[in-house]
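Notes follow once the structure below has been shown.
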Amino acid sequence: MAKRDTERRFEKRLQYTIDDYGGIDFGELERGHLQIYFLVKGTQDYRITVKFENFVPLLKSDRFIYRRDVQMKGISYSHVIKICLQEVVDTFDVKVACECPDFHYRFAYIATQQNIKVTEPEHRPPDITNPERVGYVCKHLFMILSKPSKWIPRISPMIKKATLGLGIVDRDDVYTRE
Ligand SMILES: [Zn+2]
């Protein structure tokens, strides 16, 4: 029962909305990158930015889509998007940022040093707040990155709509029988 309660609390903390921020950055998408915004709601709201560079080339790679033989196997474009998302999350090839003080004061410098900070670099070392320089993501980012199943189903349709709408992916090439 205790475990279940803990899980429930974890689930509750995971309630973030993304629609408020549009979810994905169209400009970045046109440049080939997938930049997602999340909003973590709590006593205070924080915006999280997660960027997967060169996501579009992965999406359009021969491994996945637009090949008739692949389509014949019934792999839909939506499914391909989900596979790609899971893959970039698994490989942790990601750049991140969170608006919370914890990230700002304790982890931003380390994230900058490791070249995974998505927004402006932080060059002031956390000598007082994180003298051992341990970790590089706050609890919000950890939640997002460790629970992709929570947001991949919501983000995928946005990516589909945006890539088709912006002409990043040719509608004629996409398997439509979904
Ligand atoms: Zn945070």
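The values are calculated or read from the model by the stated rules, or taken from the named source; none is laboratory data. For clarity, every value in this text was computed on a predicted model and none was experimentally measured. Because the Cβ atoms are built from the backbone with ideal geometry, glycine has one as well, and the counts that use them run over all protein chains shown.
Points worth noting:
- Search result, residues across the range 63-92 that are surrounded by fewer than 15 Cβ atoms within 10 Å (Cβ to Cβ) and either assigned to a loop (DSSP other than H, G, I, E, B) or at pLDDT below 90 (or both): 63, 67, 68, 69, 72, 73, 74, 90, 91, 92
- Of the residues making up the range 96-109, at least one is more than 17 Å from residue 52 (Cα to Cα), aliphatic (A, V, I, L, M) and not in a loop (DSSP other than H, G, I, E, B).
Rundown of residues vs (1) within 21 Å of residue 25 (Cβ to Cβ); (2) surrounded by 13 or more Cβ atoms within 10 Å (Cβ to Cβ); (3) at pLDDT 90 or above, yes/no style:
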site	(1), (2), (3)
124	no, no, no
132	no, no, no
137	yes, yes, no
151	yes, yes, no
159	yes, yes, yes
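- Residue, farthest from the ligand (Cβ to nearest atom), within the range 101-138, restricted to residues that are of a type in the set (Lys, Arg) and in contact (Cβ under 8 Å) with a residue 24 or more places away in the chain: 133
- Subset of the range 95-111 [under 22 Å from residue 33 (Cβ atoms) and aliphatic (A, V, I, L, M)]: 96, 97, 108, 111
- For residue 31, the requirement of being modelled with pLDDT of 85 or more and farther than 23 Å from residue 143 by Cα is met.
- Condition met for residue 157 (of a type outside the set (Phe, Trp, Tyr), within 30 Å of residue 59 (Cβ to Cβ) and not in a helix (DSSP H, G or I)): no
- A search for C-beta distances below 8 Å between a residue of the range 139-167 that is away from the ligand (no atom under 16 Å from the Cβ) and any residue that is of a type in the set (Asp, Glu), counting only pairs 6+ apart in sequence or on different chains, returns 166/30.
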